């Protein structure tokens, strides 16, 4: 499996899990920020990411259920903490970060 695909699918899974958690604790008016522009485009503009499609459909449904929630692209330098957590999880093959 190519590294870029593994990173992208990991980002999609993290996004879905984060939104699922937000729904569980009844958050509203969230601003989701990620440096994965292809993931943001796939969600906002309904662009196709074939392997991630089912995960992104879950993301879209969760976004619709979380009142006032938006998703936006930010550059990596503005998203440092999330990037470091993702790298940690990727490098250590963790299931719980």
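Rule-based calculations on the coordinates, nothing more; no lab input. Predicted model only: the values in this text are computed from it and were never measured. With ideal geometry, Cβ positions are generated from the backbone for all residues, glycine too; neighbour counts draw on all protein chains shown.
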Next on the checklist: Considering all alpha-carbon pairs of segment 3-91, what whole percent are spaced by more than 19 angstrom?
Outcome noted: 36 percent
Next on the checklist: I need the calculated FRET efficiency for the pair residue 47 and residue 67, taking r as the beta carbon distance and R₀ as 30 Å, to the nearest 0.05.
Outcome noted: 0.75
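Can you tell me the length gained on complete extension of the stretch residue 76 to residue 38, counting 0.36 nm per residue apart and subtracting the Cα distance? Intermediate results must be reported in sequence, preceding the final value.
On the way: separation 38, 0.36 × 38 = 13.68 nm, distance 1.34 nm.
Result for the pair: 12.3 nm of gain on full extension.
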